1. For helix B:162-184, report the angle its Cα long axis makes with the longest principal axis of the Cα atoms of chain B; keep it between 0 and 90° and round to the nearest 10°.
2. If I take every Cα pair under 8 Å that is 6 or more residues apart in chain B, average their sequence separation and divide by the length, what percent do I get for the relative contact order?
3. Based on Cβ point charges of +1 for Lys and Arg and -1 for Asp and Glu, what charge dipole magnitude is obtained for the range A:10-138 about its Cα centre, in debye rounded to the nearest 20?
4. To the nearest 0.05, what FRET efficiency results for residue B:69 and residue B:183 with a Förster distance of 35 Å applied to their C-beta separation?
5. Normalising by the residue count of the range B:1-78, find the relative contact order in percent from Cα pairs under 8 Å and 6+ residues apart.
6. DSSP loop trypsin sites (Lys or Arg not before Pro) in the range B:15-52 with at most 13 other Cβ atoms within 10 Å of their Cβ, which ones?
7. Taking chain B as a Gaussian network, where each spring joins two C-alpha atoms under 10 Å apart, which residue of B:121, B:70, B:88 fluctuates the most?
8. Counting Lys and Arg as +1 and Asp and Glu as -1, each charge on the Cβ, what is the dipole of the range B:65-186 about the Cα centre in debye, to the nearest 20?
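Since every read-out is calculated from the coordinates, none of them should be taken as a lab result. For clarity, every value in this text was computed on a predicted model and none was experimentally measured. Glycine also receives a Cβ, built like all others from the backbone with ideal geometry; neighbour counts cover every protein chain displayed.
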Amino acid sequence: MTKAGDLCLSAAGARVILATSSDERHPAEHIMDGNPETFWTTTGMFPQEFIISLSGVFKINKITIHSSLVKNLRIETSISKEPVNFEPCTEKVLIFVYLLIYICFLLPQLSGIQAAHLRFVILSAYDHFVAVYSVSGDT
Amino acid sequence: MGKLTAKCIVAGDSSVGKSTLVQLFSSNGSHFLKNYSMTTGIDVVMKTVQIPDTGDSIELFLCDSPGKAVFSDMTEMQWDQPGCFCLVFDVTNEASFSSCTKWLQKVRSKTSSAQLPAVLVGNKTDLSDRRAVDKLEAQEWAVRHGLVYFETSAKDLENYELPFQSLAKSFYHMYQERVENFKSLV
Ligand SMILES: Nc1nc2c(ncn2[C@@H]2O[C@H](COP(=O)(O)OP(=O)(O)OP(=O)(O)O)[C@@H](O)[C@H]2O)c(=O)[nH]1
Ligand SMILES: [Mg+2]
C-alpha cells in the first residue's frame with residue numbers, strides 16, 4: 001500500500017477516467033489539474049457522475065470537494081483493479097450557500113476506507129447545472 | 001463544442017395535440033398523427049437541436065405526458081427536476097386554456113432551480129372558425145406568467161418547431177450564464 005499526501009491530484013497519478021456530460025470547454029480533467037480556477041460543469045439532467053482512478057490502492061482519511069450548487073452527492077469506492085464493483089461509502093446533502101463554492105469535508109464516514117477508484121454521483125442539484133472545481137484526498 | 005441535455009416536460013389537457021407536436025417535431029415534419037391515440041404514460045422522445053452559430057447542440061428529452069387526470073399520479077412522479085417546459089392548449093377549447101394555470105403550478109413545483117424556461121403553445125390554429133381563445137388573451141397570460149407564447153397548427157405544419165427551438169435556446173443561454181457565474185466565483 002502506498003502513502004501520499006494529495007493522492008487525488010493528477011501529479012500523484014490519479015486521473016478522471018469517466019465523466020457523464022460534456023462541454024469541451026469545461027472537461028472533467030479540470031477537477032484534477034491542480035488549478036483552483038478551472039472546473040468541470042455538468043451539462044443538464046441528473047444524476048451525473050465522474051470516476052477518479054488512483055495509482056494504486058490507498059487508505060483514505062479525508063476527501064475534500066470544491067463545488068457549486070451540488071445538492072445530493074453519493075461517493076462510492078472500489079478496490080478492484082478495474083473500475084468495477086463499486087460500493088457506496090457515504091451519501092451527503094450539501095447545504096445550499098447560494099453561488100458560493102461549497103467546500104465539503106467528508107471525514108468520519110470515509111475514515112480508513114480503502115480505494116483504488118472513487119465514484120462521485122451527483123444525484124440532484126440546486127440548479128440545472130453544477131460545477132466541480134477540485135477533489136482532493138488525504139491518507 | 002458542447003452538448004447539453006434537457007428534460008423537457010410536454011403537458012396540457014387531453015387531446016390538445018401534445019403527442020402530435022412531439023411526433024411532428026421529432027420526425028422533422030414528416031409524421032402527423034391523424035388519429036387520436038390517448039397517451040397513458042410518459043413517452044420519452046429524444047431530439048437534438050443545434051444552437052445556431054455555435055457548434056453547440058442540445059438533446060431535448062421530450063417527456064410527452066398524458067393529459068387525462070387518471071394517469072397523473074404515476075406520471076408526475078417522473079417530472080422530477082425538469083429542464084424546460086412546453087405547455088400546450090387547444091385554441092378551440094376554452095377549458096384547455098383555463099387548465100394552464102394548474103399545469104404550470106404542477107410542473108414548477110418539481111424544480112429546485114430559480115429558473116425554468118417555459119413556452120405556452122396554442123395549437124390547432126387551422127380550425128379558425130371554431131376558435132375560442134383569443135390570441136391576445138393567451139399572449140397576456142403567457143407574459144404575466146413568464147412564458148413565451150407561440151401559436152401552431154400541427155395539421156398545417158405551421159410553427160411546430162418554434163416552441164422547441166425557443167426552449168433549447170433559453171436553456172442554452174441559462175447554461176452560458178451559469179458558467180459565467182462559476183467563473184466569477186474563483
Ligand atoms: N385540426 C387539428 N387537429 C390536430 C392538431 N394537432 C393535433 N390534432 C389532432 O388532435 C387529436 C389529439 O391529438 P394528440 O396529439 O393525440 O393529443 P394529446 O394532447 O397527446 O392527448 P393525450 O395524449 O390524451 O393527453 C388527434 O386526432 C390529432 O390529429 C392541429 O394542429 N389541428
Ligand atoms: Mg398524447
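1. 20 degrees
2. Details: 345 pairs, mean separation 44.5, N = 186.
Answer for chain B is 24 percent.
3. Numbers: 9 positive and 12 negative charges, 63 e Å.
I would put it at about 300 debye.
4. Numbers: r = 45 Å, r/R0 = 1.29.
Once rounded, the FRET efficiency stands at 0.20.
5. Numbers: 132 pairs, mean separation 32.1, N = 78.
Contact order relative to length: 41 percent.
6. On the way: sites: B:18, B:34, B:47; in loops: B:34.
Passing sites in the range B:15-52 are B:34.
7. B:70
8. On the way: 14 positive and 16 negative charges, 73 e Å.
So the dipole magnitude of the range B:65-186 works out to roughly 360 debye.
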